[in-house]
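Novice: This is the structure I have questions about; it appears just below.
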Amino acid sequence: MSIRDVYIVDAVRTPIGKFGGALSSVRPDDLAAHVVASLVKRSPDLDPARIDDVYFGDANGAGEDNRDVARMAVLLAGLPTSVPGVTVNRLCGSGLEAVIQAARAIAVGDASVAVAGGVESMSRAPWVLQKPERAFPAGHQQLHSTTLGWRMTNPRMPAEWTVGLGEGAELIADKHALTREHQDAFALASHHKAAEAWAKGLYDGEVVPYQGVDLDRDECIRDNTSLEALAKLKPSFRREGGTVTAGNASPLNDGAAALLLVDEEGLRETGREPLARIRASTVTGIEPQLFGLGPVEAVRRALGKADRSFADLTTFELNEAFAAQSLGCLAEWPDLDPAVVNPRGGAIAIGHPLGASGARLAGAVAHQLAAAGSGTGLAALCIGVGQGLALVLER
């Protein structure tokens with residue numbers, strides 16, 4: 001069996017909304033349907049019935065995502081009912097996992113045309129109530145938030161594995177001696193790069209605002225923040241000696257992203273020039289409390305599979321879950337030029353809607369490679385509970 005080339009023809013995303021902000025009134029299945037419909041509309045020569053499958057990442061699934069948000073998006077977007085949809089969950093890596101699974105299906109001949117993406121509404125993530133062991137319990141019952149992090153943790157899990165995400169970032173700061181000032185400077189650069197990219201119109205070709213919502217730009221970007229303002233924020237997780245704050249961590253967000261993937265036959269049917277070609281991908285595991293360093297080995301292996309090195313990279317979209325996490329990864333890649341990392345800003349400024357972020361990163365790399373005309377790009381994320389995911393693209 002021959003392996004087919006897989007191309008990214010197009011990629012779109014919503015502006016990323018802040019927690020409780022402009023997109024908080026929009027259901028996650030509607031956000032997903034919006035990017036799917038927008039993506040398909042941008043390739044008018046492609047018959048929507050030719051889409052073999054829709055893969056969507058979603059880290060929650062407990063609420064209006066309705067378990068299989070991919071299928072809900074297909075139906076709500078008005079695609080033919082013959083188009084199926086599958087939802088995948090690799091927590092923060094779910095959107096990129098969806099892209100990888102769609103690419104894999106095309107590569108082995110199970111599909112010719114696929115849509116892949118991700119969605120998350122952290123604003124609308126519900127509280128859940130554990131089912132009681134017997135009917136009508138007399139005592140009080142506890143609600144668990146599904147917005148972020150551990151919940152209903154198995155008591156058999158070692159305590160060092162189940163620390164909060166923020167404490168995990170502090171552990172990486174300890175490991176690599178990352179100061180508060182170093183982290184704040186990284187966060188400030190993220191905001192400045194994102195604001196500059198929007199001012200230059202660099203996101204105009206990929207962002208599709210949600211109709212009826214007054215949001216044309218990522219909502220969490222702080223154009224006028226400063227090191228002085230960031231320095232005034234108190235540590236969020238370690239009260240004594242902590243370095244991780246709300247200012248040098250990604251916020252809670254709402255948003256969606258989608259990509260159109262095809263083989264050679266599908267490419268002809270779209271009548272379009274591809275943005276990029278998928279070259280390699282890798283997933284790895286690491287100790288759960290050091291989840292932020294998950295991309296370190298995943299990136300190395302993915303580049304090795306693609307027969308590429310850090311010196312070959314034109315652009316690298318690394319998800320900024322925390323400044324400490326990103327800086328910890330960069331410290332372990334001494335051959336990487338930091339100038340190619342997140343050139344249009346990262347998740348600290350843009351936002352991190354969990355299930356959507358990986359698809360946003362893949363789409364951003366594809367658009368940047370198309371703008372450059374050629375080159376190699378990489379998208380990577382750390383993943384809660386200790387995983388790393390990386391995807392290599394080329395043009």
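Novice: Just the accessible area per residue of the chain, please: how many Å² with a 1.4 Å probe? Please list the in-between numbers first.
Specialist: Working: 16370 Å² over 395 residues.
Result: 41 Å² of accessible area for each residue.
Novice: Next question. Give the peptides 135-142, 362-369 in descending order of average Cβ contacts within 10 Å, highest first. Could you put the intermediate results ahead of the total?
Specialist: Details: 135-142: 6.6, 362-369: 27.2.
Result, highest mean first: 362-369, 135-142.
Novice: What order, most packed first, do the peptides 349-360, 185-196, 300-311 have when packing is the mean number of other Cβ atoms within 10 Å of each residue?
Specialist: Values: 349-360: 32.7, 185-196: 20.8, 300-311: 16.3.
Taking the mean over residues of other Cβ atoms within 10 Å, the ranking is 349-360, 185-196, 300-311.
Novice: Can you say what percent of the DSSP beta bridges in the chain, counting only those with both residues inside, are antiparallel? Round to 5. If you can, show how the numbers build up before the last one.
Specialist: Numbers: 39 of 55 bridges.
In the chain, approximately 70 percent of DSSP beta bridges are antiparallel ones.
Novice: Under 5 Å between amide hydrogens, which residues at least 5 positions from A280 or on another chain qualify, with H placed 1.01 Å from N in the peptide plane?
Specialist: V392
Novice: Roughly how far apart, in whole Å, are the Cα centres of the range 214-249 and the range 91-130?
Specialist: With the range 214-249 and the range 91-130 each reduced to a Cα centre, they are spaced 29 Å.
Novice: Stretch D214-R239 to full length: gain in nm at 0.36 nm per residue minus the Cα-Cα span?
Specialist: On the way: separation 25, 0.36 × 25 = 9.00 nm, distance 3.71 nm.
So the chain would gain 5.3 nm between D214 and R239.
Novice: Which whole-percent values make up P(r) of the chain when all C-alpha to C-alpha distances are grouped in 10 Å steps starting at zero?
Specialist: Histogramming the chain at 10 Å steps yields 5, 25, 34, 24, 9, 2, 0 percent.
Novice: Computed FRET efficiency, Cβ-Cβ of D223 and A138, R0 51 Å: what is it to the nearest 0.05?
Specialist: On the way: r = 54 Å, r/R0 = 1.07.
After rounding, the FRET efficiency stands at 0.40.
Novice: Out of residues 5 or more away from L378 or on other chains, whose amide H comes under 5 Å of its own, with H placed 1.01 Å from N in the peptide plane?
Specialist: Long-range HN contacts for L378: T315, F316, E317, L393.
Novice: Determine the percent antiparallel among the DSSP beta bridges restricted to the range 272-395, to the nearest 5. Intermediate results must be reported in sequence, preceding the final value.
Specialist: Numbers: 16 of 22 bridges.
Once the DSSP bridges in the range 272-395 are tallied, antiparallel ones form about 75 percent.
Novice: Which of the peptides 168-174, 370-376 is most tightly packed, and how do the rest follow, judged by the mean count of other Cβ atoms within 10 Å per residue? List each step's numbers first, then the result.
Specialist: Details: 168-174: 24.1, 370-376: 15.3.
In descending order of packing, they fall as 168-174, 370-376.
Novice: Is the C-alpha gyration tensor of the range 228-332 telling us rounded, prolate or oblate? Criteria: a/c under 1.5 is rounded; beyond that, a/b larger than b/c is prolate, otherwise oblate. Write out the running numbers ahead of the final one.
Specialist: Numbers: a/c = 2.81, a/b = 1.85, b/c = 1.52.
Prolate is the answer for the range 228-332, as a/c is 1.5 or above and a/b outweighs b/c.
Novice: Would you calculate the separation in nanometres between label points at I3 and E287, each defined as 7 Å from the Cα along the Cα-to-beta-carbon direction?
Specialist: Rounded to a tenth, the inter-label distance reads 3.3 nm.
Novice: Please report the antiparallel percentage of the DSSP beta bridges confined to the range 1-153, to the nearest 5.
Specialist: Values: 3 of 12 bridges.
Among the beta bridges of the range 1-153, antiparallel pairing accounts for roughly 25 percent.
Novice: Okay, next question. Treating only the Cβ of Lys, Arg, Asp and Glu as charged (+1, +1, -1, -1), what charge dipole size does the range 75-179 show about its Cα centre? Round to the nearest 20 debye. Can you show the working numbers first?
Specialist: Values: 8 positive and 8 negative charges, 67 e Å.
The calculation lands at about 320 debye.
Novice: On to the next question. Find how many whole Å separate the alpha carbon centroid of the range 307-353 from the alpha carbon centroid of the range 15-51.
Specialist: 27 Å
Novice: Let me ask you something else. Take the Cα pairs of the range 98-169, get the Kirkwood Rh, then feed it into Stokes-Einstein at 37 °C and 0.692 mPa s and tell me D in µm²/s. Walk me through the intermediate numbers first.
Specialist: Working: Rh = 16.6 Å.
Rounded to a whole number, D works out at 198 µm²/s.
Novice: Here's something else I'd like to know. Under a 5 Å amide H to amide H cut-off, with H placed in plane at 1.01 Å, what residues pair with L336 once short-range neighbours are removed?
Specialist: Here the answer is none, since no amide H 5 or more places off falls under 5 Å of that of L336.
Novice: Please label the shape of the range 52-115 as rounded, prolate or oblate, based on the square roots a ≥ b ≥ c of the eigenvalues of the alpha-carbon gyration tensor (a/c under 1.5 means rounded; beyond that, a/b larger than b/c means prolate, else oblate). Let's see the in-between values first.
Specialist: Working: a/c = 2.93, a/b = 1.16, b/c = 2.54.
The shape class here is oblate.
Novice: Compute the length gained on full extension between M157 and T179: take 0.36 nm times their separation in residues and subtract their Cα-Cα distance, giving the result in nm to one decimal. Present the calculation step by step, with values, prior to reporting the outcome.
Specialist: On the way: separation 22, 0.36 × 22 = 7.92 nm, distance 3.05 nm.
Extra length from M157 to T179 when fully extended: 4.9 nm.
Novice: Greater than 29 Å separation of Cα atoms is the criterion. Which listed pairs, K193/K232; K200/K305; K18/K234; K193/K305; K18/K131; K18/K193, meet it? The partial results should precede the final answer.
Specialist: On the way: K193/K232 22 Å; K200/K305 35 Å; K18/K234 20 Å; K193/K305 31 Å; K18/K131 31 Å; K18/K193 18 Å.
Those over the limit are K200/K305; K193/K305; K18/K131.
Novice: Moving to a separate point now. What part of the accessible area of the chain, given as a whole %, is carbon or sulfur when the probe is 1.4 angstrom? Before the final figure, lay out the partial values.
Specialist: Details: 8250 of 16370 Å².
The nonpolar share, carbon plus sulfur, comes to 50 percent.
Novice: Have a look at M72, M122, G345 and report the one farthest towards the positive end of the charge dipole of the chain, computed about the Cα centre with Cβ charges (Lys/Arg +1, Asp/Glu -1).
Specialist: The residue sitting most towards the positive pole is M122.
Novice: Now for a different question. Give me the accessible area of Y203, 1.4 Å probe, in Å² rounded to the nearest 10.
Specialist: The value for Y203 is about 10 Å².
Novice: Can you find, among I383, A371, L330, the residue farthest towards the positive end of the dipole of the chain? Put +1 on the C-beta of Lys and Arg, -1 on that of Asp and Glu.
Specialist: Projecting each Cα onto the dipole axis, the largest value belongs to I383.
Novice: With θ set to phi - 60° and the Karplus curve 6.51 cos²θ - 1.76 cosθ + 1.60, what are the ³J(HN,Hα) couplings of the range 309-318 in order, to the nearest whole Hz, using x for Gly and Pro?
Specialist: 10, 4, 5, 7, 6, 7, 8, 9, 9, 10
Novice: In addition: Kindly identify the range 178-267 as rounded, prolate or oblate by the Cα gyration tensor criterion: order the square roots of the eigenvalues as a ≥ b ≥ c, call it rounded if a/c is under 1.5, otherwise compare a/b with b/c, prolate if a/b is larger, else oblate. Could the numbers behind the result be given before it?
Specialist: Values: a/c = 2.40, a/b = 2.05, b/c = 1.17.
Note, shape of the range 178-267 comes out prolate.
Novice: When 1/r is averaged over all different Cα pairs and the result inverted, which Kirkwood radius in Å belongs to the range 301-377?
Specialist: Working: mean 1/r = 0.0763 Å⁻¹.
This gives a value of 13.1 Å.
Novice: Further question on the same structure: In the chain, which helices (entire DSSP H runs) extend 27 Å or more along their own long axis, judged by Cα positions, while averaging at least 0.5 on the Kyte-Doolittle scale? Intermediate values should be presented prior to the final figure.
Specialist: Numbers: long enough: 180-199 (29 Å, -0.72); 354-372 (28 Å, 0.88).
What comes out of the filter, once short or polar helices are dropped, is 354-372.
Novice: Can you give me the distance in nm between label points at E273 and L75, each placed 7 Å from the Cα along the Cα-to-Cβ direction?
Specialist: Placing both labels 7 Å along Cα→Cβ, they lie 4.0 nm apart.
The values are calculated or read from the model by the stated rules, or taken from the named source; none is laboratory data. All values reported here derive from a predicted model rather than from experimental measurement. Please note: Cβ atoms are built from the backbone with ideal geometry, for glycine as well, and neighbour counts cover all protein chains shown. These area figures cover heavy atoms from the full protein model, side chains too; ligands, DNA and RNA do not enter into them. Shrake-Rupley method; radii C 1.70, N 1.55, O 1.52, S 1.80 Å.
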